[in-house]
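**Q** One structure, as structure tokens, below. Some questions next.
The values are calculated or read from the model by the stated rules, or taken from the named source; none is laboratory data. Small disclaimer: the values here were computed from a predicted structure and weren't measured. Every residue, glycine among them, receives a Cβ derived from its backbone with ideal geometry; neighbour counts consider all protein chains shown. The protein model used for the area step is the full one, side chains on, heavy atoms only, and it has no ligands, DNA or RNA in it. Shrake-Rupley method; radii C 1.70, N 1.55, O 1.52, S 1.80 Å.
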Amino acid sequence: MMDRLFVRWSQWVLGHRMIAVSALVMFTLGCIMLSTRSKVDNSLSVWQSKHDLHWQHYQQFQEENQISDPLVIYFPSLRQQEYTALRDQLGQTCECALSGFFIAGQPGSDKAILLLKPPADSPPDVLDGLVKLARSVLDQSGKNYHLGGVWYVTAMLDSYSARSVSLLFPVVIAVLWLGVWYFLRHTGNVMLVMACGIIPAMQIIGLIALWQVKLNMVLLALPPMTMILGIAYAIHLAAKRAAQEPMARHRLFASIAAPCLLAAMTTVLGFLSLTISDYDPVRQLGVWGSVATTLALINALILLPAFYRSDHLGVSVRLSFLNAAFLKRRRLPLLVGFTAALVAAVFGLHRLKTGSLILDFFYPSAEVYRNYSAIESSGLGLTPFEIDLKDSHLDTVKLNQTLLTWAKQQSVITHFIYFFPEGQVVVQTTDHGLPLPSPSDLQYITSPAQRATVLLRTVSSEKTLDLADELNAYLVNTFGPLPHPYVTGSVPLYTRGQSALFSSMAKSFSFAFISVSLIIGLSLRSWRYGLIAIFPNILPVVFILAAMGWVGVPLSVSTITVASIVFGIVVDDTIHFLHRLRTVEGNLIERLQLSLDHVGPAIIITSVVSGMGFAGFAASPFIPLRDFGLIISGALLLAMLCDLLLLPAILFTWRSES
């Protein structure tokens, strides 16, 4: 019944091609116009859960104290008069609060630090504009300077990621085009395959912009995932050749449309399972991953029957390992090999680290890396912790002595800054920091501080979170608990957000893999197929995570999204394989051979071509994007091996030949 429905659909689209394509073109043009409004946002609020008590406390703390992380401007050499002039000029140009330190030294070795404080809760575009204004003033002065600060590095993160994607995506598309051309050798079908991938990728960006959702490091994975899915759907048809009689092309389309629909429905349901998470980035990935998969399917179902040409030769993809009898004879070595790889993967997973040093996202030659290195090597930490002293009534002198004692064991701590209700500010330098002049003296202030800021050098996210927890526990043990945590701030919340993202993604995707396998079993009316599908669906993700552990690539907000892409591709290929296996007749060897001949070439072409395309990201100046492309390339290769080698080996072991 499903095949008859798709035959009629193919005939209707071909007969009304102008109407169907015109509607698709109008929708796509609208999405392209909307995509120009798309923005990237990796600010603090993106990575927080509304129900997180730490986030709720920080919002209240930030509102009460009107806290905003400053743009730090460090001058390694500046005279007193130049410092005063630049401070006045920056204050007039940027129209925001400005403070600073002039550090007198030997003649010619005076240093200066300026802190440019934007209004609290300033949006990313305002902060980006503030950086540009400050740069214009500083560049005109001709003085050597370095920039730093929390939102500065966030702005650079957004800028590098967006610029790298826009520059390298054309390279990826060009490589994909060449790969598809090599296998298909038909201009019309090559254009058709590329259109099935590129068009839905543009559409999903436009729809995300229409809903005023800003792209982040997680959602940036959706356009490439959509493109790969669309190309995969198209190649399953374009890699095959129909007979010359009129109805053959419609029947061929129907034979791949049914498993494409089933694969898309399964992938959508898998993504929707992510919406049960209480973490916004994961929920957004679930919702928009479902929309992206649906767009890839709809475009394929319209474009393929409208433009597919069967008069092509292409390159015949027939390899020795696509022989069912050969795979049957080698099933035990194959299973032993995959089992050994799984054992090695367990050790790799133990070596896998989560989080990373944010400076490792940039090459040492990058501006942000050089700026941070120059500032922090001078003895000024750029990572702030906030200590909420509300209702504590602590003696600030005793608190300062306690913190300085703790800092002796922490070489990354450089300064403590105390803020008082009357407006006084006291700066205390540790043994590891650059000596800064203090505007006030603790000995002459009788009231307790309302908050304190701890400055430390930038370290990995795990070390940052450990230090925050250690400091909070140290203060609780020394002074007793408060109704709220002592330690808060944007950086500890960033690191907590990353940690929550990893755990939430792991739980959600575990549920997604299980639910997808169950859905495959129900849709193919075989609980065996559902159980068998678990292995090729989950092993590529396990293997690629293990490989990351072995080579030392950490699991970060950029690389964790690889799971969603591999998930979509593996599910698609597995369903095409099992659907074909179920519909053909004969003994198991004959059915597997027919399935390999029908589906195998498309799986190989999709994996090889897409893997080659995303390997082009190796040239990215942004390290997370480089790792993202290389990991996807490796994951697609592993997914192909699991579907073409492991799945037949499991089938031969599980079932008899009858």
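**Q** Rg to Rh ratio, region 492-615, alpha-carbon atoms and Kirkwood radius?
**A** Numbers: Rg = 17.2 Å, Rh = 16.3 Å.
Using only Cα positions, Rg/Rh for region 492-615 is 1.05.
**Q** With a 1.4 Å probe and all protein chains in place, put Glu63, Glu585 in order of accessible area, largest first. Mind showing how you got there, number by number?
**A** Working: Glu63 135, Glu585 160 Å².
The ordering from most to least exposed comes out as Glu585, Glu63.
**Q** Quick one: divide the alpha-carbon radius of gyration of region 155-203 by 2.2 N^0.38 Å and tell me what you get.
**A** Cα-based Rg divided by the globular estimate yields 1.42.
**Q** How much of the accessible area of region 569-626, probe 1.4 Å, is carbon plus sulfur, in whole percent?
**A** Answer for region 569-626: carbon and sulfur cover 56 percent of the accessible area.
**Q** If you don't mind, there's one more thing I want to ask. Rounded to the nearest 10 Å², what accessible area does Ile538 show when all protein chains are kept and the probe is 1.4 Å?
**A** Approximately 60 Å² of Ile538 is accessible to the 1.4 Å probe.
**Q** Quote the charge dipole size of the chain about the Cα centre in Debye, to the nearest 20; the model charges only the Cβ of Lys and Arg (+1) and of Asp and Glu (-1).
**A** 2820 debye
**Q** Tilt of helix 150-184 relative to the longest C-alpha principal axis of the chain, in degrees (0 to 90, nearest 10)?
**A** 20 degrees
**Q** Tell me the mean residue ellipticity at 222 nm calculated for the chain from its helices only (DSSP H runs of n ≥ 4, each -39500 (n - 2.57), averaged over every residue, nearest 500).
**A** The helix-only estimate for the chain comes to -21500 deg cm²/dmol at 222 nm.
**Q** Taking all pairs of distinct Cα atoms, average 1/r, flip it, and tell me the Kirkwood hydrodynamic radius of region 374-488 in Å to one decimal place. Don't skip to the end; give the middle numbers.
**A** Working: mean 1/r = 0.0698 Å⁻¹.
One decimal place: 14.3 Å for the Kirkwood radius.
**Q** Express the carbon and sulfur contribution to the solvent-accessible surface of region 374-488 as a percent, rounded to the nearest whole number, probe 1.4 angstrom.
**A** Roughly 51 percent of what the probe reaches on region 374-488 is carbon or sulfur.
**Q** Using mean Cβ contacts within 10 Å as the protection proxy, how do 43-51, 148-156, 115-123 order, highest first?
**A** Taking the mean over residues of other Cβ atoms within 10 Å, the ranking is 148-156, 43-51, 115-123.
**Q** Just going by the charge dipole of region 1-143, with Lys and Arg at +1 and Asp and Glu at -1 on Cβ, which of Ser38, His51, Ser99 is farthest out on the positive end?
**A** The listed residue farthest towards the positive side: Ser38.
**Q** Taking a 1.4 Å probe, which of Glu590, Glu82, Glu386 shows the most accessible area, and what order do the others take after it?
**A** Glu590, Glu82, Glu386
**Q** Counting pairs of alpha carbon atoms under 8 Å apart in space and at least six apart in sequence, what relative contact order in percent does the chain give?
**A** 19 percent
**Q** Please give every one of the aspartates and glutamates within straight-line cross-link reach of Lys111, meaning a C-alpha to C-alpha distance under 13 Å, and leave out same-chain neighbours fewer than 8 residues apart.
**A** Cα-Cα hits under 13 Å: Glu82.
**Q** Note the angle between two axes, namely the Cα long axis of helix 527-551 and the longest principal axis of the Cα atoms of the chain, as a number of degrees from 0 to 90, rounded to the nearest 10.
**A** Long axis of 527-551 versus the principal axis of the chain: about 40 degrees.
**Q** Nothing charged except the Cβ atoms of Lys and Arg (+1) and of Asp and Glu (-1): what's the magnitude of the dipole of region 70-148 about its Cα centre? Round to the nearest 20 debye. List each step's numbers first, then the result.
**A** Details: 7 positive and 8 negative charges, 52 e Å.
Around 260 debye, computed over region 70-148.
**Q** Heads up, I need the accessible area for Met2: 1.4 angstrom probe, whole protein in place, Å², nearest 10.
**A** Counting only protein heavy atoms, Met2 exposes about 90 Å² to solvent.
**Q** Using a 1.4 angstrom probe on the protein heavy atoms only, could you order Tyr233, Tyr145 from most to least accessible area?
**A** Working: Tyr233 0, Tyr145 40 Å².
Greatest to least solvent exposure: Tyr145, Tyr233.
**Q** Roughly how many whole Å is it from the C-alpha centroid of region 421-457 to that of region 639-654?
**A** Cα centroid of region 421-457 versus Cα centroid of region 639-654: 65 Å apart.
**Q** Please work out the average accessible area per residue across the chain, using the 1.4 Å probe convention, and give it in Å².
**A** Value for the chain: 42 Å² per residue.
**Q** Using alpha carbon coordinates only, what is the Rg to Rh ratio of the chain, with Rh defined as the Kirkwood radius?
**A** Dividing the radius of gyration by the Kirkwood radius yields 1.06.
**Q** Another question about this same structure. Angle, helix 80-94 long axis vs. longest principal axis of the chain, Cα atoms, 0 to 90°, nearest 10?
**A** Orientation of helix 80-94: about 50 degrees from the principal axis.
**Q** Another question, if that's okay. Bin width 5 Å, alpha-carbon pairs only: give the P(r) of region 70-148 as whole percents, running from 0 to the bin holding the largest distance.
**A** 3, 15, 29, 26, 15, 7, 3, 1, 0
**Q** Rounded to the nearest percent, how much of the accessible area of region 70-148 (1.4 Å probe, protein heavy atoms only) is carbon and sulfur?
**A** 51 percent
**Q** Under 25 Å Cα-Cα from Lys117, which lysines qualify once same-chain neighbours fewer than 8 residues away are excluded?
**A** Once the sequence-local lysines are set aside, what remains near Lys117 is Lys39, Lys132, Lys143, Lys214, Lys390.
**Q** With every protein chain left in place and a probe of 1.4 Å, what is the accessible surface of Arg496, to the nearest 10 Å²?
**A** Approximately 60 Å² of Arg496 is accessible to the 1.4 Å probe.
**Q** If I model a spin label as a point 7 Å beyond the Cα along the Cα-Cβ vector, how far apart are those points for Leu482 and Ser440 in nm?
**A** For the pair Leu482/Ser440, the computed spacing is 1.7 nm.
**Q** For region 156-229, which trypsin sites (Lys or Arg not before Pro) pass both filters: DSSP loop (anything but H, G, I, E, B) and at most 16 other C-beta atoms within 10 Å?
**A** Details: sites: Arg163, Arg185, Lys214; in loops: Arg185, Lys214.
Counting only loop positions with at most 16 other Cβ atoms within 10 Å, the trypsin sites (Lys or Arg not before Pro) in region 156-229 are Arg185.
**Q** What would the Debye formula give as log10 I(q)/I(0) at q = 0.13, 0.20, 0.21, 0.22 Å⁻¹ for the alpha-carbon point model of region 126-267, no solvent?
**A** Summing over Cα pairs of region 126-267 leads to -0.75, -1.24, -1.30, -1.36.
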